[in-house]
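One structure is given below, encoded as structure tokens.
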Amino acid sequence: DNNWVYGQQIQNQYNLHTEYGNNSFTPDKRFIAEAVYALPFGKGQKMLSQLPRVANAIVGGWRFSTVVTLQSGQFFTPSFAGFDPSNTNNPGGRPDVVSGVSVIPAGGQSISNWINLGAFSVPGCPTTTPVCSNPANVGRFGNAGVNILEGPSMKNMDLALMKTFHTTERLTWQIEVQAQDVFNHPNFGNPT
């Protein structure tokens, strides 16, 4: 998962065991369902099967389809910038995890408050001020793992209504109306 777009940079090349974690591209859970339903109207169907040819051409042969996608959020890594407590000339990195403090905010997760920042501290900052303005050069990296946080989930439903017209035995044409994200549900990316 170490690539130039989304990957976490290797923090300590002498301890690669600390670089293992969840894959940011692969959500923990994913469900996809697709369905196509032929509407029961027109010739050969349960309803209105005795329509004249012109009426059947308008009413018959319609299909309805849907694609539903539900997935858990993508993993990401906590990080800080601007300080070099490891004294390696690489400002920033992964923070320390504060023992016993949940990463989920007390009131639950919301888009404006997804992570309990009190669950992390910049290495070299005192415990009373986990994010201080001048951390000490402690000569070590933070102990937070790679991709230990999970972003917002995704919910999406697409619909389509389709009709195939047979003008001759060899010639057909299709009309289709599509709607993506029909419930207009926002799907947010990972917080920064």
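The values are calculated or read from the model by the stated rules, or taken from the named source; none is laboratory data. The model shown is predicted, which means the values in this text are computed figures rather than measured ones. Neighbour counts run over all protein chains shown; Cβ positions are idealised from the backbone, glycine included. Please note that ligands, DNA and RNA were not included when accessible areas were found on the heavy atoms of the full protein model with its side chains. Shrake-Rupley method; radii C 1.70, N 1.55, O 1.52, S 1.80 Å.
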Problem set entry | Dimensionless Rg ratio for segment 10-69, taking C-alpha atoms and the 2.2 N^0.38 Å reference | 2.50
For this session: Skip the ligands, DNA and RNA, and give the accessible area per residue of the chain with a 1.4 Å probe, whole Å².
Result: 68
Exercise. Using mean Cβ contacts within 10 Å as the protection proxy, how do 164-170, 9-15, 181-187 order, highest first?
Worked result: 9-15, 181-187, 164-170
Exercise. What is the distance in Å between the Cα centres of segment 127-177 and segment 38-112?
Worked result: 6
Seminar exercise, completed: Dividing the mean separation of Cα pairs under 8 Å (6+ apart) by the residue count of the chain yields a relative contact order in percent of 23
For this session: Tally up the carbon and sulfur contribution to the accessible surface of segment 33-96 as a whole percent, 1.4 Å probe, everything protein left in place.
Result: 59
Exercise. Which of the following values of P(r) over Cα pairs in 10 Å bins from 0, in percent was calculated from the structure shown: (1) 7, 24, 25, 23, 16, 6, 0; (2) 8, 23, 22, 13, 11, 10, 8, 4, 0; (3) 8, 30, 35, 22, 4, 0?
Worked result: (2)
For this session: Return the long-range amide H neighbours of Phe83 (sequence gap of 5 or more, or a different chain), with a cut-off of under 5 Å between placed amide H atoms.
Result: Gly92
Seminar exercise, completed: Applied in sequence order to segment 171-180, the curve 6.51 cos²θ - 1.76 cosθ + 1.60 (Karplus, θ = phi - 60°) yields integer Hz couplings, x standing for Gly and Pro, of 10, 10, 9, 10, 10, 9, 10, 10, 9, 8
Exercise. If contacts are Cα pairs under 8 angstrom and at least 6 residues apart, what is the relative contact order of segment 86-192 in percent?
Worked result: 23
